[in-house]
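The values are calculated or read from the model by the stated rules, or taken from the named source; none is laboratory data. Keep in mind it's a predicted model, so treat the numbers as computed, not measured. All Cβ positions, glycine included, derive from the backbone under ideal geometry; neighbour counts span all protein chains shown.
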Amino acid sequence: MSLAGSRTRPALGTHVKASPAGLPTPPGAREAAASGGFQPKVTNRNNLRFLHYNTPSNFIDRETLMINIAKKSLVVALLAGVGFAATAQERVYVIDQRDVVALSGFGLCWRTGYWTPAAAAKDPAGCQCDKDLLPKEVCEPKVAPAPVAAPKPAGEKITIAADALFDFNKAVLRPEGKAKLDELVSKSKAIKLEVILVVGHTDRIGSDSFNQGLSERRAAAVKSYLVSKGIEANRVYTEGKGEKQPVTGDKCKGNKATKELKACLQPDRRADIEIIGTK
C-alpha cells in the first residue's frame, strides 16, 4: 500500500526503530521515503531534537512528552504538599494534615477512588462537598418537635371584707356579698380549677370560742353559695381562724363594742378566698 500523501503516526505501544540521527522512525517511514513520499527531517529546537515528515501534525515530540511528565510530577507534588492524611477506606475526600478537606483552586473537594453517593452520605464532609447530590434528610438537621409547654399554674387570692358579705356577728350572706362571689365564680371558670380555699376571720370583739365558731360558719356559708353556682363541693375547702390573725395590729384601742372600735377593727372581719388551677 502506498503511503504517498498520507499521514502516519506510530500506534500506541508500537516499537519504533531509531533513525541514524538517534531519533525514532515511525513504521512505514522508510518505505514512504523509498517510494518518494515524505522525507524525514531532523530539526533542533531549544536544544531538543525533533523528527517530522514535512507536516506539523506528525511530530514525535520529546518536548511534549517531557511536559506531560512534568505535569504528572506536579500533581504528585501537590498531593504530597497537602498531606494525604486519611486513607480511602476511612474518608472519600482528600483530607490535609489539619484534618480539613483539601479544596481545589475553584473551592471544590478532591474525591478519592472510593467515592460513591452512599459513602459520601456517611462521610463527615459529605454535605460540605456534595450537598446537591445527597438526600435532603442527610444534610438538613432534623427539627426536634417543640416541647409541650407544661400548664402554667394559675392562682388568685381575693380578700373580701366580711361586712360586704355578712351583717355584724352574722353568717348569712348579704345580696352585696353574693354579687362579689358571682365574680369569683366567673374567674374560676376561666381556668382549669383545682381547688378553692375559703378562710374566715373575725375581729377581737367577743369571746374566742364565739369568734372561732363565727369564722367557721361564715366560711361554710361561702362554700354553700359557690357550690350552688356549679363549683364542685370537693374542690372547696373551708377553714375558720377566728380572731387569731388580725391585720389591724394594736392600733385599735379598747374592748367595748363601740361604734368607733367596730369601725377600726373592720379590716379584721374578712374572708380570704384563694382560687388555684392551671390555664
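So which helices (runs of 4 or more DSSP H) stay within segment 122-168 end to end and still have 1 or more residues that are at pLDDT 80 or above, touching a Lys or Arg at 6+ places or on another chain (Cβ under 7 Å) and farther than 30 Å from Asp99 by Cβ?
So the answer is 162-165.
Would you pick out the residues in segment 257-273 that are free of Cβ contacts under 8 Å to residues at least 40 places away in the same chain and of a type outside the set (Val, Ile, Thr)?
Answer for segment 257-273, where residues must be free of Cβ contacts under 8 Å to residues at least 40 places away in the same chain and of a type outside the set (Val, Ile, Thr): Lys259, Glu260, Ala263, Cys264.
For every residue, the table says whether it meets (1) hydrophobic (A, V, I, L, M, F, W, C); (2) part of a loop (DSSP other than H, G, I, E, B); (3) buried (at least 17 other Cβ atoms within 10 Å of the Cβ); (4) free of Cβ contacts under 8 Å to residues at least 40 places away in the same chain.
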{"site": "Gly177", "(1), (2), (3), (4)": "no, no, yes, yes"}
{"site": "Ile205", "(1), (2), (3), (4)": "yes, yes, yes, no"}
{"site": "Ser209", "(1), (2), (3), (4)": "no, no, no, yes"}
{"site": "Arg218", "(1), (2), (3), (4)": "no, no, yes, no"}
{"site": "Glu239", "(1), (2), (3), (4)": "no, no, no, no"}
{"site": "Cys252", "(1), (2), (3), (4)": "yes, yes, yes, yes"}
{"site": "Asn255", "(1), (2), (3), (4)": "no, yes, no, no"}
{"site": "Ile275", "(1), (2), (3), (4)": "yes, no, yes, no"}
